[in-house]
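The values are calculated or read from the model by the stated rules, or taken from the named source; none is laboratory data. Being a predicted model, the structure only gives us computed values, none of them experimental. Every residue, glycine among them, receives a Cβ derived from its backbone with ideal geometry; neighbour counts consider all protein chains shown. Ligands, DNA and RNA are stripped out before the accessible areas are found, and what is left, the full protein with its side chains, is counted by its heavy atoms. Shrake-Rupley method; radii C 1.70, N 1.55, O 1.52, S 1.80 Å.
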Amino acid sequence: MSTTHDVPADEAIALLRALVATRSDNPPGNESAVAQLLAAHLRPHGFHCEIHEAEPGRGSLVARLKGRGEGPGIAFNGHLDTGPIGSGWTRDPLGGEVVDGRLYGRGAGDMKGGLAAMTAAAIAVARGGPPPADFLLLATADESSGSRLGMGHLVRAGLVPRTDHAVVCEPSFGSVVIAQGGVVWVDLEVVGRSGQAARPGTGINAIAVMARGLAAREDELPALRAATRHPLVPSIPINIGTIGGGVKANVIAERCTVRIDRRLVPGESPAVALGQIEDTARRVAAAAGAPVHVDAAMTVDAAEGAADAPIVARCREAMAAVAGREVTLRGTAGFTDTRWFVRDLATPACVFGPWYLTPPSGSISDIPDESVPVDEVVLGARVYAHMMRAAG
């Protein structure tokens, strides 16, 4: 279906290719270059654009278009950072190559496709004159590392203008996501005692103690998942993301460190989740006579919105009007910037990115040859344009 002031497909995809070509992998981030690219596209169409840097190079864009004051304002949010490029690519990760209807490149799916969709939609709507209500574009840094330098910085500094609703433009596979998980990154360090490998009794092997602690935590997972079930957010995953320790094969390892990613469901306290891991680690380490240090490197609260919120209805109506499709409601174990709206700004928000309408069997991001369906990004932009033009 088509609407007045439609979003030109070639413009949306050209913008996406430019975004993919501008590196912003986190670490190190360097999101300011992408923020400046978006601002350069938006300013000629009447947007007031400001770039705020939490640290040098770690910029976030706040862009606003004034409306006619005929309804509630709406914000569209997307993050500028991507995962590291990594290895194993068969296509240029910065090339934006289009093959068989898919555009390839780091961040194409997560989430420069969303940035391109919301920006192309905003420009198309601005060409038709002032929209019924104000709308705000927030393109932010550091989301994949907890948002401290992105939405967190904007919120703490009071740099987010008041709005009535918010949409986080992460891919949502044709659904509206109203509940999302949180996370605690837990750093564990076991301190053993060095000694000779040929004489095990001369030391305490920190790596072996850590291994027993991780195995004990794995054994406790089924009971934990049973006690924290949520109707929309999947069961709690725990990932051992990094590990280090020891100095030499024939020396008993004095130290071992790991970083664990422990997901949360709505209603769970990060402090309680941290305490559960700490209790297991201390029990196992004490049995071996080894101290253990436990710290939270990052915490992100889970968030949940209302199924009957007006913003959910607005997403449903736009998808039906533009694509002729119904949407379902779901949750995700992933974390997004939705929580800043719901928790800190008291703004009803959801995740809605109507592409990957046939959900892939594996990951859409942080993989070699990351790609996104071109036609569906354009569809998403047209859905967003419909939402921006709506007065209710």
Can you go through Arg102, Arg148, Arg156, Arg91 and tell me which one is basic (Lys, Arg), closer than 24 Å to Val383 by Cα and either touching a helix residue (DSSP H, G or I) at 6+ places or on another chain (Cβ under 7 Å) or open to solvent by 20 Å² or more (accessible area, probe 1.4 Å) (or both)?
Arg102
Checking Leu42 against (1) within 28 Å of Pro93 (Cβ to Cβ); (2) under 23 Å from the mean Cα position of the chain (by Cα); (3) buried (at least 18 other Cβ atoms within 10 Å of the Cβ), which single condition isn't satisfied?
(2)
Criterion violated by Gln276 - all others in (1) farther than 30 Å from Phe335 by Cα; (2) polar (S, T, N, Q); (3) touching a helix residue (DSSP H, G or I) at 6+ places or on another chain (Cβ under 8 Å) satisfied:
(1)
Tell me, which residue of segment 73-88 that is touching a strand residue (DSSP E or B) at 6+ places or on another chain (Cβ under 8 Å), over 23 Å from Ala390 (Cβ atoms) and not polar (S, T, N, Q) is most open to solvent (accessible area, probe 1.4 Å)?
Pro84
Scan of segment 288-303 for residues that are assigned to a strand (DSSP E or B), open to solvent by less than 30 Å² (accessible area, probe 1.4 Å) and at pLDDT 95 or above, ordered by number
Val292, Val294
Which condition does Gln180 not pass, out of (1) open to solvent by 50 Å² or more (accessible area, probe 1.4 Å); (2) closer than 30 Å to Ala313 by Cα, if it passes all the others?
(1)
Of (1) among the small types (Gly, Ala, Ser); (2) part of a helix (DSSP H, G or I); (3) within 27 Å of Ala157 (Cα to Cα), Gly334 satisfies every one except (2)
Pick out the one residue from Ala381, Ala306, Ala321 that is crowded, with 18+ Cβ neighbours inside 10 Å and among the small types (Gly, Ala, Ser).
Ala381
Within segment 184-239, of all residues that are basic (Lys, Arg) and not in a helix (DSSP H, G or I), the one least open to solvent (accessible area, probe 1.4 Å) is Arg193
For segment 332-369, how many residues meet the condition of being polar (S, T, N, Q), open to solvent by 50 Å² or more (accessible area, probe 1.4 Å) and either closer than 24 Å to Ile85 by Cβ or touching a residue at least 24 places away in the same chain (Cβ under 8 Å) (or both)?
2
When segment 349-392 is checked residue by residue, the ones that are under 17 Å from the mean Cα position of the chain (by Cα) and among the aromatic types (Phe, Trp, Tyr) are Phe352, Trp355, Tyr356
All conditions in (1) over 25 Å from Gly150 (Cβ atoms); (2) modelled with pLDDT of 95 or more; (3) open to solvent by 10 Å² or more (accessible area, probe 1.4 Å); (4) among the aliphatic types (A, V, I, L, M) are true of Leu274 except (1)
Scanning segment 166-177 residue by residue, the ones that are in contact with a Ser or Thr (Cβ under 7 Å, 6 or more places away or on another chain) and buried (at least 24 other Cβ atoms within 10 Å of the Cβ) total 4
Scan Thr328, Thr299 and give me the residue that is within 30 Å of Thr82 (Cβ to Cβ), touching a helix residue (DSSP H, G or I) at 6+ places or on another chain (Cβ under 6 Å) and not hydrophobic (A, V, I, L, M, F, W, C).
Thr299
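Here's the yes/no breakdown for (1) under 12 Å from the mean Cα position of the chain (by Cα); (2) under 23 Å from Ala108 (Cα atoms); (3) among the polar types (S, T, N, Q); (4) at pLDDT 95 or above:
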{"site": "Leu138", "(1), (2), (3), (4)": "no, yes, no, yes"}
{"site": "Ala141", "(1), (2), (3), (4)": "yes, yes, no, yes"}
{"site": "Ser144", "(1), (2), (3), (4)": "yes, yes, yes, no"}
{"site": "Gly150", "(1), (2), (3), (4)": "yes, yes, no, yes"}
{"site": "His153", "(1), (2), (3), (4)": "no, no, no, yes"}
{"site": "Ala166", "(1), (2), (3), (4)": "no, yes, no, yes"}
{"site": "Cys169", "(1), (2), (3), (4)": "yes, yes, no, yes"}
{"site": "Val177", "(1), (2), (3), (4)": "no, yes, no, yes"}
